[in-house]
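Encoded as structure tokens, the structure appears first; notes follow it.
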Amino acid sequence: MVYLNSTFYYHDSRNSIPLYFVKGDLTLRKWIQTAKLSFLALLGMALLSGCDKSNFIVLNPKGPVGQQELDLIIISVILCAIIILPVLGIFVYIVIRYRDKPGNKAPYQPEWADSKILEVIWWGIPIIIVAILGVYTAKTTINLTKPPVKDVKPIVVQVTSLDWKWMFTYPDKKIATVNYAEIPAGVPVQFILTSDAPMNSFWVPQLGGQEYTMPGMAMGLWLQADKIGEYFGSGANFTGKGFAHMQFRVKSVTQDDFNQWAAGIKKNSPALTDKGYKQLSKPGLEKELSFSSYPKGLYEDIVNKNGGTYYDHMSHMGDMGSQSSMSSMKMEDKK
Amino acid sequence: MQNSHFFVTGDPMIYGADVSIALVSVAIIFYLTYFKKWGWLWREWITTVDHKKIGIMYLISALLMLFRGGVDAILMRIQLAVPNSHFLASEHYNEIFTTHGTIMILFMAMPFMFALFNIVVPLQIGARDVAYPFLNSVSFWLFFLGAMLFNISFVVGGSPNAGWLSYPPLSENDFSPGPGQNFWIWGIQISGIGSLMTGINFVVTILKMRTPTMRLRDMPLFSWSVLSSSIAILGVFPILTVTLVMLTIDRLLGGHFFTMTAGGNPMMWVNLIWMWGHPEVYIVVLPAFGVYSEVVATFSRKRIFGYSSMVFSMIAISVVSYYTWVHHFFTMGAGANVNIVFAICTMIIAIPTGVKVFNWLFTMYRGRIRITQPMLWVMAFVPCFLVGGATGVMLAAAPADYQYHNSYFLIAHFHQVLIGGVVFGYIAGMYYWFPKIFGFKLNERLGKWGFWLWQIGFYVCFMPQYALGFMGMTRRIYTYNDSMGWDMGWAPLNYISTIGAFLMGIGFIFQVWQILYSIKHGERDVTGDIWDGRTLEWSIPSPAPAYNFAILPVVKGRDAWWYQKEEMQKGNVHKEAVKYEPIHMPNNTGIPFIMSVFWFIAGFGFTFEWMWMGIAGLIGVALTLFARSFQYNTDHYIPVEEIEKTEKARKNYGSVHRTAN
Amino acid sequence: MQQSISAHVSDHTQGHEDQEGIKLLGFWIFLVTDCLLFATFFAAYAVLHTHTNGGFTASEFNVPNFIIETFILLISSFTSGIAVLNMHKGNKKGLTQWLIVTAVLGAVFVGLEVKEFMDMAAEGATLSQSAFLTSFFSLVGAHGLHVSFGIFWMIGILVQLSRRGITPVTKRKISMVSLYWHFLDAVWIFIFSVVYLMGVM
């Protein structure tokens, strides 16, 4: 309580000037007042613009992968806050109480520089916090390598980052798209990522976190949309001149709509030829495009020609590749 | 490709810069010639081997580079302030963020750090110089000419534009032809060799040059931080050197270390560069921690709390920092197990760092806190670094990082730890030791303007960027809302962030003004102990004489000077007639500068792929090395009479010693 | 000048003798960093040694050539050791002769290495053929450059030795160059076993 009083005392005597101020002259004080006000105004603006929660797409996931990552984010924020907030409080308290000014009655012990108990406490607490967060991190990391739901047959979408566009190939449907992808809602999607250009990163924030697309590598990323909708996707790793324009759209639709969409593309869109791919892979921007077919083994060729023969990709793709192609064959049978 | 035109053209801003660079150069040359200063420049500065002067040159270079990097930052923020901006073209923006990052880390933070190493360490450990004064001069000139080589890319040849760590294959010939990327390689390579030598120099200085009575366990914490940082330099700068050599081999000789074709492996670059890059971050932050320890103890008038714990935590940080590099690319698909191990190692490094914060707080606890300029920056550091550290732990959780990676959340985080941790620390160090090297204090009032503009500017600039990260904005995009019809609502926060950047810029201008103003009007330090300090550097006059200590000081424990002052106050010190002895000092030499010029020539030649010039430069380097090896007359003695004369001129030596209450 | 320095050394704790010791310590630390330099090249070789791009593979190395190279370098390490022994005995002539033998052996080693590289290049196995060859030429070439530098360094020291004889300074320089030479020998043992032996086996 005594401490609290002394806090007030400081506030009163110094006209609420930030406490680490020694001898502020008048103009400076005024200036700081305005600075504070404008800072608050700016903060207000920031909050207002942030009011639209839907803008914070990372905090507003639409699928189980993004949700798990958000859970981890929240856990980590809470664990960090457990340390940060008290420490900030202690900091403010100490700075106020032990200021060097005449008449300060607070104890002064210039030789006190050691305390085993205190040391144990502040080595111990962070260790405990890190241990807890470590466990959650490990759990989530392992979870994300598996399909988000077990009982639904996943589909495979192959992703190739080019300069400066995204190509999606559907091995089950044998169709290809550029700068947009459609996926069925509620179905786990195994995106298999590679690049035929400098490495990029494939990121659809509302479905889940990103993964690099790299030449010569084929790496799996599980994502899933729970509801139908349109999600923003972008390249996250710098690739040069046109990088800022590498956005794409991921549209999640019902399974029936998805099948219909694929059938429509099969029927109405042009084919992607070898020559066409060569043209497509040249540096430049592109609109959204659809192709009814693509050269056989295009994706594997892309991976292999960039050094894919030197790596073992199965560990990255998991064993789901064969299963999903089986499932898609069944789907085709139904038609 | 750009070989057709040697000079960079096509942008009015570049023409403007060219003109101003030319004018400034002409002005400097005119000034030096008119006032007949060339000889002075050569004798007093270029050929100097005095660690204090080298430190001053590092400091000036660092501030110049802070200006250049800051201008880059402002240009980027102007471009991003509004959507669909056409202020900068894509390539130009890419060049600017590349040079901003490279300059701020390698040509601003590193020399600023070396400035503090040079200015403080020998004084603090009671030494008359560093272990290798010649090598020290080589280090500086390698850094300086490396930095100059990097900076002239602005005018000739074109700037690099593949990012500050230049991931291949983007940085390979196929995607980044021309001299720009080579400038990046050679600028860093040359200055990096200098950094490595500085590392060796300070490890040996601290281990071998301490005044004989100073035990390691009584050594001031700043010197400890320099030791741990230097050891980390030894561990990782060779990796950087080799990694850059590999990229050179790829680009110059058609090699395939990191190419997409012929079996090259770009992922190897990402690993190697971060094996250097991550410890590098700790290399620059550890000395800042050292500064905080000194400043907090001095201005709390109290011993540093938990000294052993502080030393242990610094060593722990420099060791664990070797095992965290993968956290820069959790998203490269290394596999769950690898990610978990590196995630946890990264979190572990937060523990000793957190312990240090507690120790600083409890140094202030039951102390008497004087809020001076250095202390102000330390107080700004504590909350800033706490939050930055917390977001670091958030980033360390690998799956969460999948969402933060390469987004503005990451940008906000590392600026918060690098500005809040490193820059604040170096600025605190600059204010703290400025009177020691120059003999006068920096003006408080202007300093406070600078301080508050920096503080407010910092939060206004970077807090919105955390939010932008959550809104899905990725780094290194030169424009938004411009294609595919996406409006993600990024505009207002970007606008605010730009305002913050300007505030920091104005803050920097105030600091420059403060320095210029104080040269004439700053409070003079007549005692040598203007802050009532605790460590040996405050026991000698400001500025320190060339030989630092006329008599090597006797140290009886930690905070040697503080307790010596107490003894003096009690009258326990008997004034004995001191008997001086001649002091052995190294001679000035022009070889380091000439050798570095040859390095510059070599780097320039290889940058433009003019092999004849590159090889000629390297031969020049070898010849200067030989010339040095044949130099035997490399030192001299300062005679006793001269020492006596200098020492007599000291006034009020150690008279100030106030205790609280 | 020379005289005045030696006069001071006697009554100084921080004399010349001590400085030479400090320089030697710095050189040891430099060797540690050089070791890391080679370690990085080794790491790259380990990652890339199978990336042969359908061309020259590690099993095609010229076995007699690299075995002779190894022997020559080992012998030169031995002779540099004899040189240092002579130095400690104060035998300037023996020291000079054995240093010359060491430098000559080093030159032969470099010559053989250059020949090996030329032969490979003649077969089309150049640095730009595959990632494997890039990493091979860089690792072995870096060692070769170190050896070449060491030869020039020895020549410089030999000149100084003939002018000044065995002094604390030349002693320290010879100790350094011999340390350097043993270090390069140790690195070569690694290259010999990791690159050549494991390659051809």
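The values are calculated or read from the model by the stated rules, or taken from the named source; none is laboratory data. This structure is a prediction, so every number in the text was calculated from the model and none was measured. Using ideal geometry, Cβ is built from the backbone for each residue, glycine included, and neighbour counts are taken over all protein chains shown.
Among the conditions (1) assigned to a helix (DSSP H, G or I); (2) in contact (Cβ under 8 Å) with a residue 12 or more places away in the chain; (3) facing chain A (nearest Cβ under 8 Å), the only one that B:PRO383 does not satisfy is (2). List every residue pair whose Cβ atoms lie under 7 Å apart, where the two residues are 6 or more positions apart in sequence or sit on different chains, the first residue falls within region B:202-214 and is closer than 13 Å to C:LEU25 by Cβ and facing another protein chain (nearest Cβ under 8 Å), and the second residue, located anywhere, is of a type in the set (Phe, Trp, Tyr) and surrounded by fewer than 17 Cβ atoms within 10 Å (Cβ to Cβ). Listed pairs, sorted by first residue: none to list. Entry remark, region B:392-432: residues being within 11 Å of another protein chain (Cβ to nearest Cβ) and of a type in the set (A, V, I, L, M, F, W, C) number 9 in total. The set of residues in region A:233-256 that are part of a helix (DSSP H, G or I) and either within 14 Å of chain B (Cβ to nearest Cβ) or closer than 22 Å to B:GLY485 by Cβ (or both) comprises A:PHE243, A:ALA244, A:HIS245. For region B:597-611, the criterion of being more than 25 Å from the chain's Cα centre (by Cα) and within 13 Å of chain C (Cβ to nearest Cβ) is met by no residue.
Do we have any residue at all in region A:134-157 that's over 27 Å from A:GLY209 (Cα atoms), hydrophobic (A, V, I, L, M, F, W, C) and facing chain B (nearest Cβ under 8 Å)? No: region A:134-157 contains no residue that is over 27 Å from A:GLY209 (Cα atoms), hydrophobic (A, V, I, L, M, F, W, C) and facing chain B (nearest Cβ under 8 Å). Report yes if some residue within region B:522-530 is within 11 Å of chain A (Cβ to nearest Cβ), surrounded by fewer than 19 Cβ atoms within 10 Å (Cβ to Cβ) and among the acidic types (Asp, Glu); otherwise report no. No, because not a single residue in region B:522-530 is within 11 Å of chain A (Cβ to nearest Cβ), surrounded by fewer than 19 Cβ atoms within 10 Å (Cβ to Cβ) and among the acidic types (Asp, Glu). Filtered by the rule that a residue be at the interface with chain A (Cβ under 10 Å from one of its Cβ atoms) and more than 30 Å from B:PRO220 (Cα to Cα), region B:299-333 gives B:PHE329, B:PHE330, B:THR331, B:MET332, B:GLY333. Of all residues in region B:47-71, those satisfying the criterion of being over 17 Å from the mean Cα position of the chain (by Cα) and buried (at least 21 other Cβ atoms within 10 Å of the Cβ) are B:THR48, B:VAL49, B:ASP50.
The condition (being farther than 24 Å from C:LEU31 by Cβ and either aliphatic (A, V, I, L, M) or within 13 Å of another protein chain (Cβ to nearest Cβ) (or both)) is satisfied by just one residue among C:VAL169, C:VAL200: C:VAL200. Of note, B:LEU272 does not satisfy the criterion of being within 14 Å of chain C (Cβ to nearest Cβ), surrounded by fewer than 24 Cβ atoms within 10 Å (Cβ to Cβ), at pLDDT 95 or above and in a helix (DSSP H, G or I). Of everything in region B:361-380 that is more than 7 Å from chain A (Cβ to nearest Cβ) and of a type in the set (A, V, I, L, M, F, W, C), the residue that is nearest to B:TRP531 (Cα to Cα) is B:MET375. Checked against (1) touching a His at 6+ places or on another chain (Cβ under 8 Å); (2) within 7 Å of another protein chain (Cβ to nearest Cβ); (3) not in a loop (DSSP other than H, G, I, E, B), B:ALA262 passes all but condition (3). Here C:LEU112 passes the criteria (1) in a helix (DSSP H, G or I); (2) in contact (Cβ under 8 Å) with a residue 24 or more places away in the chain; (3) under 26 Å from B:THR243 (Cβ atoms) except the one numbered (3).
The residues on offer are C:LEU133, C:LEU184, and the sole one that is more than 24 Å from C:ILE75 (Cβ to Cβ), touching a Leu at 6+ places or on another chain (Cβ under 9 Å) and crowded, with 20+ Cβ neighbours inside 10 Å is C:LEU133.
Just so you know, in region A:70-82 the residues that are surrounded by 17 or more Cβ atoms within 10 Å (Cβ to Cβ) and more than 7 Å from every other protein chain (Cβ to nearest Cβ) include one that is farthest from the chain's Cα centre (by Cα), and it is A:LEU79. Residues in region B:126-147 that are within 12 Å of chain C (Cβ to nearest Cβ) and hydroxyl-bearing (Ser, Thr, Tyr): B:TYR132 only.
So is A:ALA263 closer than 29 Å to B:ALA334 by Cβ, among the aliphatic types (A, V, I, L, M) and more than 7 Å from chain B (Cβ to nearest Cβ) or not?
The answer is no for A:ALA263.
Would you point out the residue of region A:118-133, among those that are within 7 Å of chain B (Cβ to nearest Cβ) and of a type in the set (A, V, I, L, M, F, W, C), that is farthest from the chain's Cα centre (by Cα)? Across region A:118-133, the extreme among qualifying residues is A:LEU118. Any residue in region B:334-342 that is at the interface with another protein chain (Cβ under 7 Å from one of its Cβ atoms) and buried (at least 22 other Cβ atoms within 10 Å of the Cβ)? Yes, that holds for at least one residue. Return yes when A:PRO270 is in contact with a helix residue (DSSP H, G or I) (Cβ under 9 Å, 6 or more places away or on another chain) and either more than 14 Å from A:VAL178 (Cβ to Cβ) or in a loop (DSSP other than H, G, I, E, B) (or both) and no when it is not. Spelling it out, A:PRO270 is indeed in contact with a helix residue (DSSP H, G or I) (Cβ under 9 Å, 6 or more places away or on another chain) and either more than 14 Å from A:VAL178 (Cβ to Cβ) or in a loop (DSSP other than H, G, I, E, B) (or both).
For region A:209-221, which residues satisfy the criterion of being in a strand (DSSP E or B) and either surrounded by fewer than 24 Cβ atoms within 10 Å (Cβ to Cβ) or within 7 Å of another protein chain (Cβ to nearest Cβ) (or both)?
A:GLY209, A:GLN210, A:GLU211, A:TYR212, A:MET219, A:GLY220, listed by residue number.
Applying the set (1) at pLDDT 95 or above; (2) out of contact with any Phe, Trp or Tyr (no Cβ under 7 Å at 6 or more places or on another chain) to B:PRO492 leaves exactly one unmet item: (1). Contact annotation: residue pairs with Cβ atoms under 9 Å, 6 or more positions apart or on different chains, pairing a residue in region A:268-294 that is surrounded by fewer than 13 Cβ atoms within 10 Å (Cβ to Cβ) with a partner that is hydrophobic (A, V, I, L, M, F, W, C) and assigned to a helix (DSSP H, G or I), are A:ASP274/A:LEU298.
Any residue at all in region B:14-30 that is part of a loop (DSSP other than H, G, I, E, B) and exposed (fewer than 12 other Cβ atoms within 10 Å of the Cβ)? Checked against the condition, which is being part of a loop (DSSP other than H, G, I, E, B) and exposed (fewer than 12 other Cβ atoms within 10 Å of the Cβ), region B:14-30 yields no hits at all. Exactly one residue out of C:PHE149, C:PHE192 is surrounded by fewer than 16 Cβ atoms within 10 Å (Cβ to Cβ) and in a helix (DSSP H, G or I): that is C:PHE149. For region B:486-502, the set of residues classified as of a type in the set (A, V, I, L, M, F, W, C) and either assigned to a loop (DSSP other than H, G, I, E, B) or more than 9 Å from every other protein chain (Cβ to nearest Cβ) (or both) consists of B:TRP486, B:MET488, B:TRP490, B:ALA501, B:PHE502, listed by residue number.
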